[in-house]
Amino acid sequence: CVPPTPPWHQMLRKFGGKLWTPGHLRGARAALSAAAGTKGPATRGSGGNGRDYHFGSSRYAGAIGGAAPVDTTKLRKETVAYVRSFDPQEWHRDPMKTVVEGVIYSEGKVVDTTDATGKVNGKQVIADEQAFQAVMKLAERLSSEADAGGGGFKPEVMERVRKIESVLLSDSVASRLVGNQAVDFGKQDGITEIEESVQANEVERRMNDMLGEDEKANMVEIRRYPAFIACVSNFSNFLDLFRKTIRNIEMGVPVIVLSRSNTSQHCYRWFQILHQQMVELGVPQHLVTFASFSIDQQRKIMQAFPKSPCYFTGSREVAKLIKEVSPLLMASTGGPNTMVVSKITPKVAEAVRMSACIENSGQCTALRHLVSPPLPVSWLEKDVFGSVKKVDSSLESLEENGFFNIVSGLPAEGKDNTKPGYAAHPSLPIFYKEGKSLPATIDENWRRVYLDVTTTESDNLDSPEFVSNLCDWLIEHQPISLSVNGPLDLALRMWEGTGLAVFSCGSPDGSAALSCQARPQDGECFGEFPPRKELTDHTTFPVIVPTPTPGYNSIYKSSHLNAKALVPVPQSVSFCTPLLEKLPDGASKGFCKELLFYLCDAATGPKRGKGARSSLFGLQRPPLNGRKTALVCAGDTTLEHLAPVLLPFFATNARDQVEVVVPASNTTLLSALSSSAPDVPVTQANGVANPSAYYNIVHVKPMSTFPLVGHFVSLLMPVGHCKSVVGGDDAFFKAFEASPKWLRAGR
């Protein structure tokens, strides 16, 4: 018999919320081994259609779900045993070093490494000039091969990499990965991350297979320039280091893993295990390099290889700095996650406590902003945070199956960390403030539990004016998640008025929604997006999970697009034909038709998720708030330049949410629009006079290469999921499935 599960664990399973009946991790390994036995994509050779694996498509939806359960009890036991026996001198005796094609470079400046508390926990050898040049020369060689069309998919490499993946997620190795992360980063519940990794990577393997089908069918080109992987501590074993490395190298895309300035030891130990397995199974060593670099060295190598993508998760400020030197940055950035509650209850207190304190506020979906009726006296101090436990180390949390304890020694220790305007909890390093206005600015305060509370009277909380103002604030600050514990009507209006990746609704009296709930393997698709107007200042595309990682740096083959240009579009979007007929035959026209085929498949309303909660995912329209997207043209902009960004609006129910801004001097474009798309709103002006009046502003530019249509559309339309935390919630499905917020192709 399985012991009763604590009520909070039934609500959450930490990050996920689905309560799995304990199985065996070896069962998950069996599923992984079966996948590893596939010599290349399972249906490789059948050919795809250039869009199967793109967000919201029918085959994308078909790839969701069906993941194996994980014996988390067994994994937890083995992890605790590993941490208890961990030798803290090991990372001093074996410093982090640069490793290039199996060659370990031991010379260079030796520096101390630190864990999450700032305590020295090992040594690192910063690459000397010889080691730095070794990485540079490898990157030059690999880039030259990519320029020449070399490299490519090798079925035997995929087979071996998937065998390695099964080893990394096996009992004995996974416990080391979780244990190292706990020792270095202080993560309290890396167990659930492994569960996520086992299950979501299974979904992404299917998507990688579909991408491979299209490459073999000569539709797409997976560009195999070396990809830079910036290590991230809190999700090394799933969202970041693991999937970004494994999913790339199995498709023949080499990666260069970059060290971190802190909590980097466990990332290097992950690389060491991977490298050992690559040697044993004969995986080419050039596919994975570890660069033990200074920040200056990292910027120098990224700047030297502008065709190389860089995958990064972190703050918007750092992402913007990286994009200065790495134009193909694919960044996942944070945001002030927000919870709205219609009344104050014990269930709400519990939801706020878990959401704000998860991993000592060391998880991207940790709660930062609460919107509520006026708070009772001492409610935050006593009801919310009074029962939070303080532990000496993350080991205690691992032992007791905890995830929202306060870990001693982390940066928030001490009242001297209290920032102006915040009150400090009398006995815990937790800080909060209450105000009647939405905060103008809000800092993330990573690993520090800070909570801003905006209060308003209950009868004003769901008023049209307040909801509109709050939605505008959410659009401006773009949190990852919004959770609404209140009436379903309020939740629906909040969802329709925003464009967030993660949206959850619950009840203040029953099952309350948390800010930290998303299981991408179940269709609760996840992403960390900058504000829409600033998106391309921080990232090339929004990064969505699940998706096939190599697809972010893939393009359509000209031959495929040239052929697509001659194919009639689906009947439901045939009204676009007059516009298409004005485009010259060739790749640009073919790309526009590829877009329309994708929209006819994906922009058909929501798809239901396959988890324990009631979830919906799919392409969405921009917020239904009356603000438009401005497509700003120049004096030399042509219809060929404009058509790709116009069609996702013109061909769908978002057509009234766009405005084309054209200089009066561009009479050719004005005439072309008048005759081929007379219903499109056109403003004759040199740019927009009032940027704040628009949801998004897109400066139209000609395209020399054509990215995958799913990623292209995500630059213009919101993507993600919405859910009720209650399973089989018919009222949620009825209300949200009928919403006009879903993007739909056709008239």
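The values are calculated or read from the model by the stated rules, or taken from the named source; none is laboratory data. Here the structure is a predicted model, which is why all the values come from computation and not from measurement. Backbone-built Cβ (ideal geometry, glycine too); neighbour counts: all protein chains shown. Only protein heavy atoms, including side chains, enter the accessible area calculation; ligands, DNA and RNA are left aside. Shrake-Rupley method; radii C 1.70, N 1.55, O 1.52, S 1.80 Å.
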**By average C-beta atoms within 10 angstrom, highest first, the peptides 668-677, 321-330, 418-427** = 321-330, 668-677, 418-427
**Asked** What number, rounded to the nearest 500 deg cm²/dmol, is the helix-based mean residue ellipticity at 222 nm of the chain, given -39500 (n - 2.57) per DSSP H run of at least four residues and division by all its residues?
**Response** -11000 deg cm²/dmol
**Request:** Report, by chain and number, residues whose modeled amide H sits under 5 Å from the one on ASN121, excluding near sequence neighbours (fewer than 5 apart, same chain).
**Result:** THR113, THR114, ASP115
**Message:** I'd like the accessible area for SER468: 1.4 Å probe, protein heavy atoms, all chains in place, Å² to the nearest 10.
**Reply:** 60
**Request:** Compute the FRET efficiency between GLU107 and GLN272 as 1/(1 + (r/R0)^6), taking r as their Cβ-Cβ distance and R0 = 22 Å, and round to the nearest 0.05.
**Result:** 0.70
**Asked** Quick one: Cα centre-to-centre distance for region 114-174 and region 425-448, in angstrom?
**Response** 39
**Item:** Estimated vicinal HN-Hα couplings, Hz - region 442-447 in sequence order (Karplus 6.51, -1.76, 1.60; Gly, Pro = x)
**Value:** 8, 8, 5, 6, 4, 6
**Complete:** Karplus ³J(HN,Hα) for region 679-696 (6.51 cos²θ - 1.76 cosθ + 1.60, θ = phi - 60°; Hz, whole; x = Gly/Pro) runs 7, 6, x, 10, 10, 8, 6, 9, x, 9, 7, 10, x, 5, 7, 10, 6, 8
**the chain, relative contact order in percent, only Cα pairs under 8 angstrom and at least six apart counted** = 14
**Fill in**
Sorted by chain and number, the residues with a modelled amide H under 5 Å from that of CYS231, at a separation of 5 or more or across chains, are LEU258
**Prompt:** Once both labels are modelled 7 Å past Cα along the beta-carbon direction, what's the ILE295-ASP489 spacing in nm?
**Reply:** 5.2
**Asked** Can you list the aspartates and glutamates whose alpha carbon is less than 13 Å from that of LYS307, not counting same-chain residues fewer than 8 positions off?
**Response** GLU140, GLU145, ASP147
**Fill in**
Taking the alpha-carbon centre of each part, the distance from region 179-223 to region 365-392 in Å is 34
**Item:** Rg followed by Dmax, in Å, when region 374-484 is reduced to its Cα trace
**Value:** 16.2, 48
**Item:** Partners for LYS741 among lysines (Cα-Cα distance below 22 Å; same-chain residues under 8 apart left out)
**Value:** LYS533, LYS607, LYS610, LYS628, LYS723
**Prompt:** At 4 °C and 1.567 mPa s, what whole-number value in µm²/s does Stokes-Einstein give for the translational diffusion of region 601-747, with Rh from the Kirkwood sum over Cα pairs?
**Reply:** 78
**Complete:** Per the Kirkwood formula over distinct C-alpha pairs, the hydrodynamic radius of the chain in angstrom is 26.5
**Item:** Prolate/oblate/rounded call for region 64-152, Cα gyration tensor, a/c under 1.5 rounded
**Value:** oblate
**Request:** Scan around SER483 for amide H atoms under 5 Å from its own, H built in the peptide plane at 1.01 Å from N, and keep only partners 5 or more places away or cross-chain.
**Result:** THR338, MET339, VAL340, SER504
**Asked** Do the alpha carbons of any pairs in LYS320/LYS389; LYS343/LYS433; LYS119/LYS187 sit beyond 26 Å of each other, and which pairs?
**Response** LYS320/LYS389
**Request:** Could you please state, rounded to a whole Å, how far the C-alpha centre of region 696-743 is from the C-alpha centre of region 585-624?
**Result:** 7
**Prompt:** By a straight-distance test (C-alpha under 16 Å), which aspartates and glutamates pair with LYS77 as possible cross-link partners, with residues fewer than eight away in the same chain excluded?
**Reply:** ASP171, ASP189, GLU193, GLU195, GLU396, GLU399, GLU400
